[in-house]
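All remarks here apply to the structure that follows.
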Amino acid sequence: MDLGLKGKVVVITGAAGLKGSIGETILQHLAAEGAIPAVIDRNDRGFAYIEEIQKQGIDGLFCKTDVTNPVQIEEAIAKIVAKYGRIDALINNVGVNDGAGLDASYEEFMDSLKLNMVSYFVTVKSALPYLKESKGPILNIGSKVGLTGQGGTSGYAAAKGGVLGLTREWAVDLIKHSIRVNAIIIAESWTPAYDTWIKTLENGEEKLKSIVKKIPLENRMTTPDEIADTCLFTISERSSHTTGQFIFCDGGYVHLDRSLLTE
């Protein structure tokens, strides 16, 4: 299916994670569709990723940015517009489950909100004049933690719950501009960060097996490729009448009947 993304300038935050991370995978899928990824991230890996896709004949831009700094986000958006003259879509992908729980300090809690939610607000606010011109969609990457809780991660849970609230609020605000706003909800996906977390646990292998058994569809994790495919479809014109939605790419993890989970 041609998603019609060729030549579209797509801003994506948090896409300079390790190879195989969700953001990096979305970046590679955008390049494969012939889109022009404009990456906003603080990690220098972004330079190499953009150089890599440029060697494949795909244009792109990396803006090294601390997304907890509003001025740097504004400067990144200005740099993107200075080069391309437009923004056709925006994917807010930043997310770090940082473990800022009830034992965290006020400062640690606020830092989690700034990274995992406030950065979404500032990026949208900065890009909005250009999205209004293009009627470009906004896609927020969310987490099941914002709906189910997890324990020990108050900052991340509050932020991701807030991202869902912002998704619906912006869908209402921007409908008069024909801007669609949706969220992808991720549950259990095998990424480098997930692998790192499992390795910190004393009984990591047993914990992993117990998690996978609880995923109803095929008892396996959602792949980053599956998430990226869902993201690209959602920002494309193939999804032209979908807005204000929470799209669960999770193998039924959040919603399906627990009675499915029989030995």
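The values are calculated or read from the model by the stated rules, or taken from the named source; none is laboratory data. Since this is a predicted model, take the numbers as computed values, not measurements. FYI the Cβ positions are ideal-geometry reconstructions off the backbone, even for glycines, and counts take in every protein chain you see. Just the protein is used for accessible areas: all its heavy atoms, side chains included, with ligands, DNA and RNA removed. Shrake-Rupley method; radii C 1.70, N 1.55, O 1.52, S 1.80 Å.
Worth a mention:
- Filter result for L90 (surrounded by 18 or more Cβ atoms within 10 Å (Cβ to Cβ), touching a strand residue (DSSP E or B) at 6+ places or on another chain (Cβ under 8 Å), in contact (Cβ under 8 Å) with a residue 12 or more places away in the chain and over 14 Å from T123 (Cα atoms)): no
- Residues located in the range 230-258, provided they are crowded, with 18+ Cβ neighbours inside 10 Å, farther than 16 Å from L147 by Cβ and in contact with a Leu (Cβ under 8 Å, 6 or more places away or on another chain): C231, L232, T234, I235, S236
- Whichever residue in the range 119-134 is among the small types (G, A, S) and within 15 Å of I80 (Cβ to Cβ) and, among such residues, is least open to solvent (accessible area, probe 1.4 Å): A127
- Candidates in the range 1-34 are the residues that are in contact (Cβ under 8 Å) with a residue 40 or more places away in the chain and small (G, A, S); of these, the one that is surrounded by the fewest Cβ atoms within 10 Å (Cβ to Cβ) is G4.
- Pairs with Cβ under 7 Å, 6+ apart, first in the range 101-126 and of a type in the set (A, V, I, L, M), second open to solvent by less than 30 Å² (accessible area, probe 1.4 Å) and not in a helix (DSSP H, G or I): L115/V67; L115/V94; V124/L90; V124/I138
- Residue under evaluation T153, criteria (1) of a type in the set (S, T, N, Q); (2) under 18 Å from the mean Cα position of the chain (by Cα); (3) open to solvent by less than 40 Å² (accessible area, probe 1.4 Å), criterion not met: (2)
- Long-range neighbours under 7 Å by Cβ, at least six apart or interchain, first residue open to solvent by 30 Å² or more (accessible area, probe 1.4 Å) within the range 174-199, second in a helix (DSSP H, G or I): H177/K132
- The criterion of being buried (at least 19 other Cβ atoms within 10 Å of the Cβ) and either touching an Asp or Glu at 6+ places or on another chain (Cβ under 7 Å) or at positive phi (or both) does not hold for I227.
- Qualifying positions in the range 36-77 - free of Cβ contacts under 8 Å to residues at least 24 places away in the same chain, closer than 25 Å to K135 by Cα and either among the aliphatic types (A, V, I, L, M) or buried (at least 18 other Cβ atoms within 10 Å of the Cβ) (or both): V71
- Residue in the range 106-118 that is of a type outside the set (S, T, N, Q), at pLDDT 95 or above, in contact with a Lys or Arg (Cβ under 9 Å, 6 or more places away or on another chain) and surrounded by 20 or more Cβ atoms within 10 Å (Cβ to Cβ) present: yes
- Residue check for V96: buried (at least 18 other Cβ atoms within 10 Å of the Cβ), among the hydrophobic types (A, V, I, L, M, F, W, C), in contact with a helix residue (DSSP H, G or I) (Cβ under 7 Å, 6 or more places away or on another chain) and closer than 26 Å to E226 by Cα: no
- Condition check for G146: at pLDDT 95 or above, open to solvent by 20 Å² or more (accessible area, probe 1.4 Å) and in contact with a Leu (Cβ under 6 Å, 6 or more places away or on another chain): yes
- Listed here are the helices (runs of 4 or more DSSP H) enclosed by the range 176-257 that have at least 2 residues being at pLDDT below 95 and of a type in the set (D, E, K, R): 192-200, 204-213.
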